[in-house]
Amino acid sequence: MKKCMGWFLAFFFITTLSFGEQNRIDRWFIFGTNLAWFGGAYGTDIGPNQAEGWSTSFSRKTCEKVFANLAGMGCPIVRIWAFERQEGLLFTPDLTRNPKYPYHEVTGLDPVFLENCDFIMAMARKYRVMVYWSLLNHLIREEQGGRHMRIIADAKVRGTYIRNALIPFVKRFGTDPACWAIDLLNEVDGTIGGVDALTGSFKVNQGCSWTVMRTFLKACTKAVHEQVPGVRVTATSGWHGHKNLAAGRFSGLGLDFYDWHSYQDDPDIPHARDLKLDKPVIIGECGPKTETPDSGFRLQEKNWRNYCEVSRKGYAGLLTWSYGDPGKASNFVMVNSDHSWRAGAKVIFAYTRGEKIPDAGPLLLTDEERTALQAINRAVQEIQNSLAANRPPELASTSWKKLGQRWKNYYPYLNPRYARLIFGEIGEHLETVNQNAGTPSPTLVQLARRMLSHIACSSQLAPHHGTRVLQRIAGETYTKPRPENSPAGRGFTPTIDGAVTVDQPSANPFGE
C-alpha cells in the first residue's frame, strides 16, 4: 500500500510540475483544426438536405484525401459540422397550414447522410485523426424562415430531435474510438434573439432567449449522458469571445468542457482561470480577423503560432480555423487547390512533431506505438530512479539533476513522438558520460541493461539511436536492422487519385 501511495504521490507531483494550473482533458493539450464543411458545400457536404430539397455533394475520394493530408500534418483532431442548415435531418411533411399542428417534427436521419458519416469515421480510424462533431449551427434561427428554431424552443419538437436524431447519431458515432466529442450547437450565442446587450442581438422576431436555449442544451446533455455514457458533450460560444462563458451562461448545464472562439490578428486572451469555470476550456476556433491573405500567408502562420503560445495559459487546447475550401484566397484556409500545404498547415506539422506542444493530442495509437511508448516510459523511470539515488556517481552532478527535472516534464509521456525525442536525448547524454569516463562504471552498464530490458519488447525502437547508444554502453553487439519502408513522421501530400506520396523532410522530426 505504501509503495502504491508513493507512486501516486510521485505521479501527482510530476503531473503538477508538467501542467501547473492548466486544467486538461485526460492530460492532453487538445490540438487540431476545423474542417467545418467539405469543399465549401455548406448544408450539403455530407448528406441530402430535406429542409432545402438539395442533394449532397459528398465525395469519398476528397474525404480520404483530406484525412490523409491531416495525418501527414500530424493533426490529432478535426472539428466537422454535421447538421448545418439542417442537413441530414428528416422532418414530417409541411403541416404549417394546420393550426393545430403548425410545425415540423424531426423523424430521423437521412440514410445517405449516415452512410457518408460512416465513411468519415472509417477514414478517421484509418488515418488516426479524431473527429469532434459539431451538430446544429446558430444560423438555424434564420434558415428556412426560422421554422426549425422549434427544435430548440418547442418542447415537443425538441423531444423528437433528441429521440430521433441526437441520440441515434451519438450512439452510432459518439462511441467510435475516433470520435473525440460532440458539440451540440455551434456558437450558441448567435441563436439568441430579442435585444441582448452582451450578445449584440436586436432581432426581436428571431431566435430565442437564454432561458430557452439553456433548457435545450441541458435536455440534450442529460439525454446523451444517460443514454450514451462516456461521450463528451459541450456547446460552443462564438460571439463576443469569452464573455458569455465568463457570464455563466454555459455553466450549470452538465457540459463536460467549455469551448469558445476567438479571431484576432494579434491574439490577446484572458488566462483560463480568469473565466472562473468549473471545467476545462478550449479555444475551439481561432485565427486572424483579417481574412484577405498576404504573400506566403505570413499572417496566418504568425497568428496560429501566437494563438498556440497564448493558449498555453491555462487552456486545455485549441483548434485553428481551418482546413477550409482548398485553394480559396483566405487566411481561413490552410491548403491550396491541390491540398498542398500553406503556412498554417506547416505550423500544425511543426508543433505536433517537436517540443512546442509535447502533449498535443489526443492521439489514436497503433498497438506498436503504444508498446513503444510504454517501453520508453519504463526506461525513463530507470534513469529517474538512478538520478534520485545518485547512482552511478557520474550522474550525481548538478547538470544531470537539471536534466532529470527536464525529463520529468510531461512524464509519463502521452505522445510517442515526444517520448522518442526524450529517449534519444537521454541516450546522447549517457554516451557523453560514457566517453568522458573512458571506462564505464559497472553501475552505468547495469543501468543501460535495465533500460534495454524495457526497450526489448518494442520492434519500433530497435533502430532508434537511443537504443544503439544503450547497447554500446552495455557492451552488446548491435546489428543495424533493415530500414522500415514507412511514411510515419514525414510530410504527406495527397495525389489526385487519393493515394499518398511521401515528401522527405529536411530533418527527421523524430531525431533518429
| task | With a probe of 1.4 Å, find how much accessible area the range 135-270 has per residue, and write the answer as a whole number in Å². | result | 36
| Cα gyration tensor of the range 43-88, axes a ≥ b ≥ c as square roots of the eigenvalues: rounded (a/c below 1.5), prolate (a/b > b/c) or oblate? | oblate
| request: Take the alpha carbon gyration tensor of the range 177-316, find the square roots of its eigenvalues, order them as a ≥ b ≥ c, and report rounded if a/c is under 1.5; if not, report prolate when a/b exceeds b/c, else oblate. | output: oblate
| message | Once neighbouring chains are kept in place and the probe is 1.4 Å, which whole percent of the accessible area of the range 37-184 is contributed by carbon and sulfur? | response | 51
| remark: With the 8 Å Cα cutoff and a minimum separation of six or more residues, the range 218-263 has a relative contact order in percent of 44
| field | Inter-part distance where the range 341-398 and the range 286-328 are each reduced to a Cα centre, Å | value | 26
| request: Could you sort 73-86, 432-445 so that the peptide with the highest average Cβ count within 10 Å comes first and the rest follow in order? | output: 73-86, 432-445
| message | Taking the alpha-carbon distance from K279 and a cut-off under 17 Å, which aspartates and glutamates remain once sequence neighbours fewer than 8 residues away in the same chain are dropped? | response | E21, D26, D183, D256, D259
| said: Order Y127, Y413 by their accessible area, 1.4 angstrom probe, all chains in place, largest first. | reply: Y127, Y413
| field | Ratio Rg/Rh [Cα only; Rh per Kirkwood] for the range 292-341 | value | 1.03
| request: For H429, H148, write out the residues from largest to smallest accessible area, computed with a 1.4 angstrom probe and no ligands counted. | output: H429, H148
| query | Expressed as a whole percentage, what fraction of the accessible surface of the range 359-473 belongs to carbon and sulfur atoms when a 1.4 Å probe is rolled over the protein heavy atoms? | reply | 49
| What ranking do 336-342, 464-470, 291-297 get when scored by the average of other Cβ atoms within 10 Å per residue, highest first? | 464-470, 336-342, 291-297
| query | In the structure displayed, which of K126/K328; K289/K356; K156/K276 lie more than 32 Å apart, Cα to Cα? | reply | K156/K276
| said: Averaging the inverse of every distinct alpha carbon separation and then flipping it gives the Kirkwood radius. What is it for the range 147-194, in angstrom units? | reply: 12.3
| Environment charge of A329, counting only residues whose C-beta is closer than 13 Å and scoring Lys/Arg +1, Asp/Glu -1 | -1
| Going highest first, how would you order 248-258, 181-191 by mean Cβ packing within 10 Å? | 181-191, 248-258
| note | A student applying the Cα gyration tensor rule (rounded when a/c is under 1.5; otherwise prolate if a/b is larger than b/c, oblate if not) would label the range 112-155 prolate
| query | With no solvent and one point on each alpha carbon, what is the Debye value of log10 I(q)/I(0) for the range 68-175 at q = 0.11, 0.16 Å⁻¹? | reply | -0.41, -0.76
| task | Quick one: plug the Kirkwood hydrodynamic radius of the range 419-459 (C-alpha pairs) into Stokes-Einstein at 25 °C, 0.890 mPa s, and report D in µm²/s. | result | 222
| query | In whole angstrom, how long is each semi-axis of the equivalent ellipsoid of the range 391-475, when you take the square root of 5 times every eigenvalue of its Cα gyration tensor and sort them from largest down? | reply | 20, 17, 10
| With θ set to phi - 60° and the Karplus curve 6.51 cos²θ - 1.76 cosθ + 1.60, what are the ³J(HN,Hα) couplings of the range 424-430 in order, to the nearest whole Hz, using x for Gly and Pro? | x, 5, 4, x, 4, 5, 5
| Two-decimal Rg to Rh for the range 333-416 - Kirkwood Rh, Cα set | 1.16
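The values are calculated or read from the model by the stated rules, or taken from the named source; none is laboratory data. What you see is a predicted model; the values in this text were computed from it and never measured. A quick note on method: Cβ atoms are made from the backbone with ideal geometry, for glycine too, and the neighbour counts reach across all protein chains shown. Note: areas computed on protein heavy atoms with side chains; ligands, DNA, RNA excluded. Shrake-Rupley method; radii C 1.70, N 1.55, O 1.52, S 1.80 Å.
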